[in-house]
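Colleague: One structure, as structure tokens, below. Some questions next.
The values are calculated or read from the model by the stated rules, or taken from the named source; none is laboratory data. Just so it is clear, the model here is predicted, and its values are computed rather than measured. FYI the Cβ positions are ideal-geometry reconstructions off the backbone, even for glycines, and counts take in every protein chain you see.
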Amino acid sequence: MSVLAVKNVSKTFSAGGMFRASGKGKRAVDHVSFCLNAGETLAIVGESGSGKSTTARLSMRLLKSDTGCIAWNGVDVTSLGGRALRQRRNHIQMVFQDPFASLNPRMKIWETVAEGLRVHRPDLSKKQRRDLVAETLHLCGLDEAGMDRYPHQFSGGQRQRIGIARALIVEPAVLVLDEPVSALDVSVQAQILNLLKELQEAKGLAYLFISHDLSVVSHIADRIAVMFDGRIVEQGRAAEIFEHPHHPYTRALLDARPILHPSQRQNLKSADNPVDKTGEGMADTGCAYRLRCPNVLSDCATFDGQLNSRGFACLHPLSENK
């Protein structure tokens, strides 16, 4: 049984605020489906505005979906609210992108990390909570001597470790990691990724990992879902996605990665069917990527955008245009 299952979930934001000028709502997520099993990492990747973070928040029920079904450990939580939902929140926890903004500057570290225990372990005394916080901080590579300090007294990497400890203390089965290392230096990114791997192995955690950085994703993901304009356009094992992308948008993301040596640029240019056609915008009908796609044909204008049995949404995939 999957620890997180999302089926045909959609979300449209109403035509207000930044969308008022267009006179219509913004379709942020459009019939997205995926499942996550215990102990595995599913990375959702895509450009800014593709719907990654909205999908994460829908999965956690921080946002209410317009359609579809969300299940935690086989229990449908789509319509749950109030106390019933709060009681189940220990199943799935979130680590946010900005480790400073996600911590209350007026709360001591031990109080921040222990916050979830007030809801899920009200039977614990203050000493028991402090002891459990010290144990969890140690698990995340932090010294308990800093428990009575404040967030501004820690580095960015240490603050992210605190955020991870806060999520872990209620013993979740799933961690949703929304760009968890993008605000950190490269050397610190590696430390946090290694910590996440160690925690996953020790506790059997499942990760829903949101990122735009494929270099980061390559080090942690078991499976990858590629999003564009609110839809998953390709999904599969990480190794297969990196070595044999089918959707032109996936290839475009891979080709946009920084290179370490000029010879790699030559390899990219000589690759089969490189994405060398540029464009802007997204089509309102048919395949949303067709305005940028190098393989676009007339029938792409009526394509429904659904994933096929091979895990990609494209009538003319790169693998069939050699």
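Colleague: Confirm whether MET1 is over 30 Å from TYR150 (Cβ atoms), in contact (Cβ under 8 Å) with a residue 40 or more places away in the chain and part of a loop (DSSP other than H, G, I, E, B).
Modeller: So MET1 passes the test.
Colleague: Kindly indicate whether ALA134 is over 21 Å from the mean Cα position of the chain (by Cα) and touching a residue at least 12 places away in the same chain (Cβ under 8 Å).
Modeller: Answer is yes for this residue.
Colleague: Just wondering, is there one or more residues in segment 172-184 that are in the same structural domain as ARG57 (by TED's automatic domain parsing), small (Gly, Ala, Ser) and crowded, with 19+ Cβ neighbours inside 10 Å?
Modeller: The answer is yes, given that some residue of segment 172-184 is in the same structural domain as ARG57 (by TED's automatic domain parsing), small (Gly, Ala, Ser) and crowded, with 19+ Cβ neighbours inside 10 Å.
For every residue, the table says whether it meets (1) buried (at least 19 other Cβ atoms within 10 Å of the Cβ); (2) touching a residue at least 40 places away in the same chain (Cβ under 8 Å); (3) not assigned by TED's automatic domain parsing to the domain that holds PHE13.
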{"position": "GLY204", "(1), (2), (3)": "no, yes, no"}
{"position": "VAL216", "(1), (2), (3)": "yes, no, no"}
{"position": "ARG231", "(1), (2), (3)": "yes, yes, no"}
{"position": "ALA239", "(1), (2), (3)": "no, no, no"}
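Colleague: Something else: State the number of residues belonging to segment 127-166 that are more than 17 Å from LYS197 (Cα to Cα) and part of a loop (DSSP other than H, G, I, E, B).
Modeller: 7
Colleague: How do the strands (runs of 3 or more DSSP E) wholly within segment 33-102 filter down when requiring 1 or more residues that are at positive phi: which remain?
Modeller: In segment 33-102, the matching strands (runs of 3 or more DSSP E) lie at 67-72.
Colleague: Against the condition touching a Ser or Thr at 6+ places or on another chain (Cβ under 7 Å), buried (at least 22 other Cβ atoms within 10 Å of the Cβ) and under 13 Å from ILE169 (Cβ atoms), how does VAL113 come out, does it pass?
Modeller: So VAL113 fits the description; yes.
Colleague: Another question, if that's okay. Could you check ASN8 against (1) surrounded by fewer than 16 Cβ atoms within 10 Å (Cβ to Cβ); (2) out of contact with any Cys (no Cβ under 8 Å at 6 or more places or on another chain); (3) outside any loop (DSSP other than H, G, I, E, B) and say which number it fails?
Modeller: (2)
Colleague: Taking ASP76, is it over 24 Å from ASP222 (Cα atoms) and modelled with pLDDT of 95 or more?
Modeller: Criteria met by ASP76.
Colleague: Tell me which residues, restricted to segment 167-183, are touching a residue at least 60 places away in the same chain (Cβ under 8 Å) and farther than 25 Å from PHE34 by Cα.
Modeller: Within segment 167-183, ALA183 is the sole residue that qualifies.
Colleague: List pairs: first in segment 113-124 and of a type in the set (A, V, I, L, M, F, W, C), second surrounded by fewer than 13 Cβ atoms within 10 Å (Cβ to Cβ), Cβ under 7 Å, 6+ apart or cross-chain?
Modeller: VAL119/ARG86
Colleague: Further question on the same structure: For THR112, state whether it is over 18 Å from LEU196 (Cβ atoms), touching a Cys at 6+ places or on another chain (Cβ under 9 Å) and either in a loop (DSSP other than H, G, I, E, B) or of a type outside the set (D, E, K, R) (or both).
Modeller: Against the criterion (over 18 Å from LEU196 (Cβ atoms), touching a Cys at 6+ places or on another chain (Cβ under 9 Å) and either in a loop (DSSP other than H, G, I, E, B) or of a type outside the set (D, E, K, R) (or both)), THR112 does not qualify.
Colleague: Then there's this: Test GLY156 against the criterion of being in the same structural domain as ASP185 (by TED's automatic domain parsing), modelled with pLDDT under 95 and either closer than 28 Å to GLY39 by Cα or buried (at least 20 other Cβ atoms within 10 Å of the Cβ) (or both), and give yes or no.
Modeller: Here the answer is yes, as GLY156 does meet what is asked.
Every residue, every condition in (1) surrounded by fewer than 20 Cβ atoms within 10 Å (Cβ to Cβ); (2) modelled with pLDDT of 95 or more; (3) not assigned by TED's automatic domain parsing to the domain that holds LEU205, yes or no:
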position	(1), (2), (3)
MET18	yes, no, no
SER33	yes, yes, no
GLU47	yes, no, no
GLY68	yes, yes, no
ARG86	yes, no, no
ILE92	no, yes, no
PHE100	yes, no, no
ASN104	yes, no, no
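Colleague: Moving on to the next point. Name, by its number, the condition in (1) farther than 23 Å from GLN160 by Cα; (2) touching a Ser or Thr at 6+ places or on another chain (Cβ under 8 Å); (3) touching a residue at least 24 places away in the same chain (Cβ under 8 Å) that does not hold for TRP72.
Modeller: With respect to (1) farther than 23 Å from GLN160 by Cα; (2) touching a Ser or Thr at 6+ places or on another chain (Cβ under 8 Å); (3) touching a residue at least 24 places away in the same chain (Cβ under 8 Å), TRP72 is out only on (2).
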